[in-house]
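The structure is given below, and queries will be raised subsequently.
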Amino acid sequence: MSCKPQYKGKRYNSLEELYRANGVNEQQKQQAQQLYSQYLDTIFPDSKVKDIVYHGTLDKIESFDKSKIGKNIIKDRPKGFYFTRKNIAENIYGSYPIIDTSTGEQVLQKGNLISAVIDTKGQYQLVQEKDDVSGYGDFVEYQSHVVFEPEQIHILSSKKDLGMFRNFINFTKSEYAKYGDIQQFRDYIMSKNFAAIEELLVVNNKIDRKC
């Protein structure tokens, strides 16, 4: 399930609505989008897939569940989590045929479109596919990115994503930004022993030197 953006205690249906309601001008909007783009570069920085990809589903989800793999997968296809470009995810996987109980007729029910970035490190496959995008014989060929672990998926606009973006913004405004981006700072800290980290904190007046 995607989170609705919140500002000063009020929730909005979209970022566009938030911008309009709070007088955010076009330049500020572009700056916010640029900052978010920089943040996304820190998610799975070694992944070969750099684009935002999409997954269509009837479920409202905050995270992917490995136990549900294979529920909607055709035989002989890899059993994993499938992502593709937006229009394919919307038209093929973002709507499902159901029976209208009032008329008995088959209708299409719109599902949810999950936007994400994925990590190709670990098990990953690029699958060539061909499907009817309209239900009337309009077959198109496309590619699907298949990953096999929930940890390889970062859902955009999820609670986790918004929290990490908030931390990223706070970091870029902090004195620690001089060590590089947030991922470089994490790598720097992880590469140091306790004495080196303590020295860093002392130098930056975060703690008094221990005896």
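Readers should treat all values here as calculations from the given coordinates under stated rules, not as data from a laboratory. What you are looking at is a predicted structure, and each value in this text was computed from that prediction instead of being measured. Please note: Cβ atoms are built from the backbone with ideal geometry, for glycine as well, and neighbour counts cover all protein chains shown.
Pop a pseudo-label 7 angstrom from the Cα along the beta-carbon direction at both SER102 and LYS60 and give the gap in nm to one decimal.
2.1 nm
Same structure, new question: Show me, for segment 146-158, the HN-Hα J-couplings you get by feeding each phi into the Karplus relation (A = 6.51, B = -1.76, C = 1.60, θ = phi - 60°), rounded to Hz, glycine and proline as x.
Listing the rounded values in order: 10, 10, 10, 10, x, 5, 8, 10, 10, 7, 6, 6, 6 Hz.
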